[in-house]
Amino acid sequence: MLAENYELIESIVLYIGLVCLFALMGYAVHDVLKNNDVPLIGRVVAYGVLGLGALGFVAKGIIEVIWLSTGV
């Protein structure tokens, strides 16, 4: 296999791993919030922070694709 294929596979596995980690963090946050009877505003803030972290990784991926396609 070529080095390009290794890089592609490595990139795909990295993103799948990040999705799994965010899903596990979301489950853990959900479980803690449910067991401790956190009010609605606390849940919104906790899920908002977790969601913004995930959006940061998505934005990074989009910016990376744009920069690589333009040759930066």
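The values are calculated or read from the model by the stated rules, or taken from the named source; none is laboratory data. Owing to the predicted nature of the structure, the values given are computational and were not obtained by experimental measurement. Glycine gets a Cβ as well: all are built from the backbone with ideal geometry, and neighbour counts include every protein chain shown. Surface accessibility is based on the protein's heavy atoms, side chains included, excluding ligands, DNA and RNA. Shrake-Rupley method; radii C 1.70, N 1.55, O 1.52, S 1.80 Å.
Couple of notes before you dig in:
- Helix-only mean residue ellipticity at 222 nm for the chain, each DSSP H run of n ≥ 4 adding -39500 (n - 2.57), per residue, nearest 500: -32500 deg cm²/dmol
- Between helix 40-70 and the chain: long-axis angle, C-alpha atoms, 0 to 90°, nearest 10: 10
- Contour excess over end-to-end distance, with Cα ends at ALA3 and TYR27 and 0.36 nm allotted per residue: 5.0 nm
- Couplings for the stretch 23-34, taken from phi via the Karplus curve 6.51 cos²θ - 1.76 cosθ + 1.60 with θ = phi - 60°, read 5, 5, 5, x, 5, 5, 5, 4, 5, 5, 5, 5 Hz in order; Gly and Pro are left as x.
- Accessible solvent surface per residue of the stretch 1-65, calculated while the other protein chains remain in place, 1.4 angstrom probe, Å²: 79
- Only Lys, Arg (+1) and Asp, Glu (-1) charged, at Cβ; the chain dipole about Cα centre in debye: 320
- For the stretch 1-66, the extents of the C-alpha atoms along the principal axes are 53, 23, 7 Å, listed from largest to smallest.
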